[in-house]
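Accompanying notes for the structure given below.
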Amino acid sequence: MTRRSTDLVPLRLAVLISGSGRTLKNFIDLAAEGKLPIDIRLVISSTAKASGLKFAAEAGIPTQVVRRQNFPAGPAGDQAFGEAIFAPCRAAGVDYVAMAGFMKLAPVPPDFAGRVLNIHPALIPAFSGHGMYGHYVHEAAIAAGVRVSGCTVHFVDNQYDHGPIIWQQPVPVFDDDTTDTLAKRVFEVEKEAYPHVLNMLAAGRIKLDAGRVIFVKPARAKH
Ligand code: GAR
């Protein structure tokens with residue numbers, strides 16, 4: 001018997017955004033179609049200007065805005081900002097926190113280690129790190145002349161776009177690509193890759209072992 005997404009216990013999720021919220025919208029739509037076993041308990045944005053907040057509001061998901069500017073510059077401020085992000089996630093009782101176009105550094109507190117995910121629009125470690133987001137990533141990939149780019153879903157540690165890699169999906173880079181055409185092609189695979197990882201997590205098929213991701217074989221159906 002094939003296991004469907006809807007047979008799985010939904011993952012309780014907080015989603016962190018900073019911008020247009022296309023990734024959040026994809027999660028909300030797939031969950032509504034019964035294709036993604038998630039229960040989004042909370043959306044936190046690093047800015048009140050993030051247009052993605054409207055998708056949460058439309059879906060009746062509680063939202064909060066936590067601005068980095070409200071904390072001092074430097075590592076102590078990063079730490080305080082991280083706490084302000086993760087405290088409501090803790091209070092909401094989420095299993096995982098999914099960064100979805102979240103553009104700030106938020107150090108992961110010990111109780112969330114291995115429970116924070118991010119998607120990056122390149123095959124990390126290429127074209128990643130501070131300042132590498134959105135179109136800058138695709139501009140850098142085209143400038144470097146790579147023939148393949150793609151997206152990466154990874155667990156988050158305390159550096160930008162860094163941590164154990166869970167899943168990568170490649171796309172070709174063509175001679176006539178612009179940042180827009182490449183961004184569009186990469187985003188199409190992002191819409192599959194992140195849900196794929198969430199489905200695998202809900203099925204208990206992803207484990208962290210000494211800082212590396214291993215895939216657990218699916219349990220065999222009983223007859
Ligand atoms: C996605 O392309 C994601 O890979 C990127 O932001 C976009 C999602 O934002 N993330 C990064 O660049 C992280 N370094 P959106 O869902 O608000 O459109």
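Some notes on this structure:
- Residues of segment 158-186 classified as surrounded by 16 or more Cβ atoms within 10 Å (Cβ to Cβ) and assigned to a helix (DSSP H, G or I), total: 5
- From the list G19, G60, the lone residue that is assigned to a loop (DSSP other than H, G, I, E, B), open to solvent by 30 Å² or more (accessible area, probe 1.4 Å) and out of contact with any Pro (no Cβ under 6 Å at 6 or more places or on another chain) is G60.
- Residue check for H154: exposed (fewer than 13 other Cβ atoms within 10 Å of the Cβ) and either in contact (Cβ under 8 Å) with a residue 12 or more places away in the chain or under 29 Å from P109 (Cα atoms) (or both): no
- In the set (1) under 22 Å from I28 (Cα atoms); (2) in contact with a Phe, Trp or Tyr (Cβ under 7 Å, 6 or more places away or on another chain), G163 fails one condition alone, (1).
- The set of residues in segment 187-205 being open to solvent by less than 80 Å² (accessible area, probe 1.4 Å) and within 14 Å of the ligand (Cβ to nearest atom) consists of F187, V189, E190, K191, A193, Y194, P195, V197.
- Scanning segment 22-35 for residues that are open to solvent by 10 Å² or more (accessible area, probe 1.4 Å) and touching a residue at least 60 places away in the same chain (Cβ under 8 Å) turns up R22, T23, N26, L30, K35.
- Residue match in segment 120-132 (condition: of a type in the set (F, W, Y), touching a strand residue (DSSP E or B) at 6+ places or on another chain (Cβ under 9 Å) and near the ligand (Cβ under 9 Å from one of its atoms)): no
- Scanning segment 95-119 for residues that are more than 16 Å from the ligand (Cβ to nearest atom), of a type in the set (A, V, I, L, M, F, W, C) and open to solvent by 10 Å² or more (accessible area, probe 1.4 Å) gives a single hit, A113.
The values are calculated or read from the model by the stated rules, or taken from the named source; none is laboratory data. Being a predicted model, the structure only gives us computed values, none of them experimental. Because the Cβ atoms are built from the backbone with ideal geometry, glycine has one as well, and the counts that use them run over all protein chains shown. To get the accessible areas, we keep the full protein, side chains included, count just its heavy atoms, and leave off ligands, DNA and RNA. Shrake-Rupley method; radii C 1.70, N 1.55, O 1.52, S 1.80 Å.
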